[in-house]
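Nothing in this text is a laboratory measurement; each read-out follows from the coordinates by a stated rule. None of the values given here were measured: they were computed from a predicted structure. Backbone-built Cβ (ideal geometry, glycine too); neighbour counts: all protein chains shown.
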Amino acid sequence: MWLPHQPASSTPIQIIAKTASFASPPTPAMAQPAAPAAPPMSSPESATAIATESSPEDALSGESLKDFISSLPSREGWAQPLIRYKGYWFKPGILEGVLHASRAFAPRAADIVLATQPKCGTTWLKALAFTIVNRSRHSLGAHHPLLTHHSQHLVPFIEIPGAAGGHVDLGALPSPRLLATHMPMSLLRPETRSLGCRVVYLCRDPKDTLVSRLHFENKLVAWGGGACLSIDDAFDMFCEGFSPYGPFWDHCLEYWEESVARSDTVLFLKYEEIKSDQMQVVRRLARFLGVPLTEEEERSGVAEEVARMCSFETLTGLEVNQVGGVSHGNKVHVDNSVFYRKGEVGDWANHMSREMGEKLDRIIQQKLQGSGLVF
């Protein structure tokens, strides 16, 4: 039998209704994971080593912060220009949020952080984690918040203006907090590691990631009245490591190495694992997050019910995921429906040539060589 847990941690971000409106989601209670022991810091040679000293830009704000961002290397190519900061590429509004988070966000030991690169299953992971950790409060029935609220609204981002810091005061949320990020491990606050925050990282085959990224970017371009990107141009940029939050391989490698060094606090998942056996992933997530399924829950089919409720087919069929939208950095409006496309494994073959796929495979293999991480 489940015991009552601490009150809520996740608060919805601003919903921009278009053809229908929905009630604001309840403030959910989260199951309290057992606090793991604080792990040791990694060596400076590690790809995920996080500096503890402050950067000069940490003290910047307002116009001085914008001036600092404008002084960084930038490049055109995607829907918006990207700016290079500490080895990664960011959209200007997103980088403001990253810099703000690096200065102002205060991790707590009980935090659960869902980390992904864009278009790697973020929305799906949010749905799974939210449902699993809140199942003692929200029964898996017709009134579950996931059925009436987009999962992007239920789990706030740490760094995205308008999707986290702009509309949700993360510091005011009670613990344990369920949060999301696209930031690489090296740009998270060092306390995320030293306090032993639980981190779940989800990655995806880079070829499918690229195709999904292209479709998403072209939606943004179309809303702005610009010309859509071709698969050839997107492919070339992606292979160079030039993509939002890229290079793809560096982002994956940081979290992979962290999961190898600290498997008790960092769980590394692949999108393809969820597609092939979602019920097993539900059980694995529940154990990692400190809320394992009980024997009675196993007998009553809770894993199956969570998997059904959070399946791609169920989520895409919900009205709430087809109407309305969310502000997403620099006040860009993104329709809720854009967060769901096909959700297929191997869809890249319908958009890229075999030669392109083989080339990207070779690049990824070279970049990840010796790490133990393979796609």
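Shape analysis of the stretch 76-217 places it in the oblate category; the axes a ≥ b ≥ c from the Cα gyration tensor give an a/c of at least 1.5, with a/b not above b/c. By other beta-carbon atoms within 10 Å, ranking 374, 113 with the fewest at the front produces 374, 113. Relative contact order of the stretch 57-160: 23 percent, from C-alpha pairs under 8 Å at least 6 residues apart in sequence. Fully extending the segment from residue 314 to residue 66 would add 85.1 nm, taking 0.36 nm per residue of separation and subtracting the current Cα-Cα distance. The ranking of 153, 143, 100 from fewest to most other beta carbons within 10 Å of each one's beta carbon is 143, 100, 153. Placing dummy labels 7 Å off each Cα toward the beta-carbon, the span from residue 228 to residue 263 is 4.4 nm. Here the simple spin-label model places points 7 Å from the Cα toward Cβ, and for residue 345 and residue 300 these points are separated by 3.1 nm. Panel order for 120, 203, 239, by other beta carbons found within 10 Å of each beta carbon, from fewest to most: 239, 203, 120.
Going highest first, how would you order 126-139, 253-266, 292-305 by mean Cβ packing within 10 Å?
126-139, 253-266, 292-305
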